[in-house]
Amino acid sequence: IMNDLHLDDFRKDAAVTLIRLFNNFPRLHSLYVIEICSEDTLDEFGLPSKRHESCMSAMIWLAEEGLIRYKQILPDEGIEQAVLTAKGIKLLLLPGENKKPFIENIRASIQSRSSQKLEKVMDKLILSINTA
């Protein structure tokens, strides 16, 4: 698709969120922005940066698409008691590249640190959401 930085950040934030929840499934797990985007997420006034807001928005988007659910938003921090939904698990276990489940392809692309691999895997996953 497009190679805009905000989309690259979205793909990475969504991928890390899904991996963390998959690794903790079925336990409820709190997700913190600072752990996902690993940047200083406050601006010079102590307010959330655009990068911080984008990471939070990625987690909320995954919930709105039905892949995850959570009990509460912690303003300026993250989400509490999050878990993958049945739809989220089903999607992550669908075959992606090389007939391997999406979750394996997501992990491999994150470990490779290749934004092109992550873009390919996450775009395919996003396009598959409505089939899960």
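Report the residue count in segment 116-127 for those that are surrounded by 15 or more Cβ atoms within 10 Å (Cβ to Cβ) and either of a type outside the set (A, V, I, L, M, F, W, C) or more than 13 Å from the chain's Cα centre (by Cα) (or both).
Initial filter on segment 116-127 (surrounded by 15 or more Cβ atoms within 10 Å (Cβ to Cβ)): 117-122, 125-126.
In the following step, the residues that additionally are either of a type outside the set (A, V, I, L, M, F, W, C) or more than 13 Å from the chain's Cα centre (by Cα) (or both) were identified as 117, 119-120.
Number satisfying all stated conditions: 3.
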Out of (1) out of contact with any Asp or Glu (no Cβ under 6 Å at 6 or more places or on another chain); (2) of a type in the set (A, V, I, L, M); (3) buried (at least 16 other Cβ atoms within 10 Å of the Cβ), what's the single condition that is false for I60? (3)
Some residue of segment 2-18 being open to solvent by 50 Å² or more (accessible area, probe 1.4 Å), over 16 Å from I126 (Cβ atoms) and in contact (Cβ under 8 Å) with a residue 40 or more places away in the chain: no
Just give me the residues in segment 82-111 being open to solvent by 50 Å² or more (accessible area, probe 1.4 Å) and assigned to a helix (DSSP H, G or I), in sequence order. A86, K87, K90, L93, N98, K99, E104, R107, A108, Q111
Can you find a residue in segment 64-75 that is in a helix (DSSP H, G or I), over 25 Å from R27 (Cβ atoms) and either open to solvent by less than 30 Å² (accessible area, probe 1.4 Å) or free of Cβ contacts under 8 Å to residues at least 40 places away in the same chain (or both)? no
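Regarding P26, is this residue within 20 Å of E104 (Cα to Cα) and open to solvent by 80 Å² or more (accessible area, probe 1.4 Å)?
Spelling it out, P26 is indeed within 20 Å of E104 (Cα to Cα) and open to solvent by 80 Å² or more (accessible area, probe 1.4 Å).
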Of everything in segment 29-49 that's open to solvent by 70 Å² or more (accessible area, probe 1.4 Å) and part of a loop (DSSP other than H, G, I, E, B), which residue is modelled with the lowest pLDDT? D40
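The values are calculated or read from the model by the stated rules, or taken from the named source; none is laboratory data. Quick caveat, the model's predicted, so the values are computed rather than measured. Neighbour counts run over all protein chains shown; Cβ positions are idealised from the backbone, glycine included. Remember, those area values only see protein heavy atoms, side chains included, never the ligands or the DNA or RNA. Shrake-Rupley method; radii C 1.70, N 1.55, O 1.52, S 1.80 Å.
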